[in-house]
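The values are calculated or read from the model by the stated rules, or taken from the named source; none is laboratory data. Here the structure is a predicted model, which means the values were calculated and not measured. Cβ placement follows ideal geometry from the backbone for every residue including glycine, while neighbour counts extend to all protein chains displayed. Ligands, DNA and RNA are excluded from the accessible area calculation, which covers all protein heavy atoms including side chains. Shrake-Rupley method; radii C 1.70, N 1.55, O 1.52, S 1.80 Å.
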Amino acid sequence: MVGTPDIAVDLAASAGYVAVIPWYAAARALAEGRVRRLPLPDLGVVMPIRLVYRTEMAQRPAIQLLLEVNSELHDRLASATEPPDVSASATNLD
């Protein structure tokens, strides 16, 4: 499915679609009774991530912090899920 989780929820609620979306995206519709959760096992979805930044913005404190902890974040994420051939890295777009 292409689109936002909100669109997926709306399609599930109004058109009979099945939507695989994050729990937080369905919380309101679940609480309102517009959709129901199917009791499926956790499928262990893995999403590779990459930090991308621009050189002129790299001096901002938030970017500096992310760059400083990037390898630690990578190690913690990798050890938590052990996905094959997945890496998190910082890439300069310039």
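General observations
- Note on segment 41-78: residues that are in a loop (DSSP other than H, G, I, E, B), hydrophobic (A, V, I, L, M, F, W, C) and modelled with pLDDT of 75 or more amount to 1.
- Some residue of segment 27-38 being within 30 Å of Leu73 (Cβ to Cβ), part of a loop (DSSP other than H, G, I, E, B) and among the aliphatic types (A, V, I, L, M): no
- Test: residue in segment 1-10 that is in a loop (DSSP other than H, G, I, E, B) and at pLDDT 85 or above: yes
- Filter result for Val69 (open to solvent by less than 100 Å² (accessible area, probe 1.4 Å), touching a residue at least 12 places away in the same chain (Cβ under 8 Å) and of a type in the set (A, V, I, L, M)): no
- Each residue in segment 32-58 was checked for being open to solvent by 90 Å² or more (accessible area, probe 1.4 Å) and out of contact with any helix residue (DSSP H, G or I) (no Cβ under 7 Å at 6 or more places or on another chain), and 13 pass.
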